[in-house]
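Trainee: If you scroll down you'll find the structure; I have some questions about it.
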Ligand code: GDP
Ligand code: ZN
């Protein structure tokens, strides 16, 4: 982790009273300011995380920090990339994570029921899909549900538009059918190779706002990041080379300052995206993306209609694309299961084991481990 990506706009020798403009340039706002009391220490933003060590951007520069033993034991919020944290003056150690404006989370792979926060305080989620064989509306729907749950605004980037002619793709038709997946999402066809459409992306964010890139491996996330970084291109190369397994791929989630003054985070190496929603709020998670189906379902004869073979089902009677309906039902099952498992687990453990600060009733991850 080098220090060439973040240079505070304004330095302030008295770090306990940081210059607001330097912090605002990396996302600080009244939402976070209002959580502070005077004795709270130095605010900083988590730019990357690596096995319990965190690269923190403060008003005066960047530093490497751990967390206090107390925070580790308390079960309170664990720092994720994008989080605002408080450091003890004179001792760079994180003692508190400020409440989040938004959080992108999934169910941790291969674990019973743990939440894994992938990114915190994201304004825009760039959902990247290739227009080549990677294009998969069902996967895009899954990311759209994740975005809706996170609180970030979804923007779908259909990358590799330079291949459209070669693959005989009707770009306009694909954009239109992608838009049907979610009327609220913004759909932008781009090419990271030819730069087509890339100039539109910075306009999606105001200076100081944060976006994240999510999508399968190979869709072009790091190419997009590099093209947008321009002269700072070196930064990603350094990260890619430092992969411990020696593969030419990134697994680190990391924040970058973009030339226009906004921030961008790559979320590489996510092979599996299982949904996560706050306990007992799972039906709301599907609302933005599947509003059409949920509206129809209100007219089904049975309240607990499964929309498969029941008589009087308003959903199967309508002309919903079967694959879209199947995907909806699959995600609904996944979320219902999450709720049921949580109930069983908290009943077994009893209320005394419910850790402080965890409103979901589900355990926090002990540590946010990269895959
Ligand atoms: P990531 O795994 O999502 O980070 O994907 P990469 O950025 O590593 O890109 C995967 C492959 O797709 C690389 O060979 C890129 O050169 C290629 N690629 C990325 N963007 C484009 C594009 O816009 N057009 C074409 N034709 N290839 C692209
Ligand atoms: Zn029904």
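Computed from the coordinates by the stated procedures, all read-outs in this text should not be read as laboratory data. Quick caveat: nothing in here was measured; it's all calculated off a predicted structure. For neighbour counting, all protein chains shown are included, and Cβ atoms are generated from backbone atoms with ideal geometry for every residue, glycine included.
Trainee: Starting from the Kirkwood radius over alpha-carbon pairs of region 103-266, derive D by Stokes-Einstein at 20 °C in a medium of 1.002 mPa s and give it in µm² s⁻¹.
Mentor: Calculated translational D: 131 µm²/s.
Trainee: Can you order the peptides 211-221, 122-132 by their average number of other Cβ atoms within 10 Å per residue, highest first?
Mentor: The most tightly packed comes first, giving 122-132, 211-221.
Trainee: Using a 7 Å offset from the Cα along the Cα-to-Cβ direction at both residue 308 and residue 340, what is the distance between the two label points in nm, to one decimal?
Mentor: According to this spin-label approximation, the distance is 1.2 nm.
Trainee: If you don't mind, there's one more thing I want to ask. Once fully extended, how much extra length lies between residue 199 and residue 31, figured as 0.36 nm per residue of separation less the alpha-carbon to alpha-carbon distance?
Mentor: Stretched out fully, the residue 199 to residue 31 stretch lengthens by 57.5 nm.
Trainee: What are the extents of the Cα atoms of region 282-347 along their three principal axes, listed from largest to smallest and rounded to whole Å?
Mentor: 40, 23, 17
Trainee: Would you mind estimating how fast region 20-97 diffuses translationally, via Stokes-Einstein at 25 °C and 0.890 mPa s with the Kirkwood radius over Cα pairs, in µm²/s?
Mentor: The estimated diffusion coefficient comes to 197 µm²/s.
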